[in-house]
Amino acid sequence: MNTTTRISTAERLGRGLGRGWRAFARGERRLSNWLASKGVPVAGAVALLWAAKLVVLGLLFYVAFWLAALLLLGVAAAWLAGNSAGDDDRWTQKDELRNGEAGFGLYSSSGQRIDPHDPNDPFND
């Protein structure tokens, strides 16, 4: 029996996120120190970093908005295509003009004449 315990996937994911957060904070601190060494006041460096964070957040919201708008347009187009009149029985009927048992006229797909006619008319074939 193995006595070593293995870390779970959730713990591995949490450790990875923690390492990423620490790397981000370390990079932000290095950038703030670099700006301070170039003569920018510390409050100005902090304000500049916050402005950059807000710009990135605004860009993320902008992209998310347009992706959501495209998704909604796609859903609406799919809904309209599914509910179009293409499935209507009026478009699937096979009514046609032809010469049948009751003479030349408009016949349904079942063979019944559907246009008005007079069977005693001498001009009706």
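The values are calculated or read from the model by the stated rules, or taken from the named source; none is laboratory data. This structure is a prediction, so every number in the text was calculated from the model and none was measured. When we count neighbours, we look across all protein chains shown, and the Cβ atoms used for this are built from the backbone with ideal geometry, even at glycine.
Considering only the stretch 70-94, how many residues are modelled with pLDDT of 80 or more and not polar (S, T, N, Q)?
If we filter the stretch 70-94 for residues that are modelled with pLDDT of 80 or more, which is where we start, we get 70-83.
Among the residues that remain, those that are also not polar (S, T, N, Q) are: 70-82.
So the count comes out to 13.
Can you name the residue in the stretch 34-47 that is part of a helix (DSSP H, G or I) and surrounded by 14 or more Cβ atoms within 10 Å (Cβ to Cβ) and is also nearest to the chain's Cα centre (by Cα) among such residues?
At the first step, the residues of the stretch 34-47 found to be part of a helix (DSSP H, G or I) are 34-37, 42-47.
The next check asks that each one be surrounded by 14 or more Cβ atoms within 10 Å (Cβ to Cβ); those that pass are 35-36, 45-46.
Details: LEU35: 43, ALA36: 46, ALA45: 40, VAL46: 39 Å.
Looking at the filtered set, the residue picked out is VAL46.
Name the pairs: first residue in the stretch 29-41 and closer than 16 Å to ALA51 by Cβ and outside the structural domain of LYS53 (by TED's automatic domain parsing), second residue surrounded by 11 or more Cβ atoms within 10 Å (Cβ to Cβ) and among the small types (Gly, Ala, Ser), Cβ to Cβ under 7 Å, at least 6 apart or on different chains?
none
Which of (1) in the same structural domain as ASP118 (by TED's automatic domain parsing); (2) of a type in the set (D, E, K, R); (3) surrounded by 10 or more Cβ atoms within 10 Å (Cβ to Cβ) does ARG15 not meet, given it meets every other one?
ARG15 satisfies every listed condition except (1).
Can you confirm whether the stretch 1-11 contains a residue that is modelled with pLDDT of 95 or more and surrounded by 10 or more Cβ atoms within 10 Å (Cβ to Cβ)?
Among the residues of the stretch 1-11, at least one is modelled with pLDDT of 95 or more and surrounded by 10 or more Cβ atoms within 10 Å (Cβ to Cβ), which makes the answer yes.
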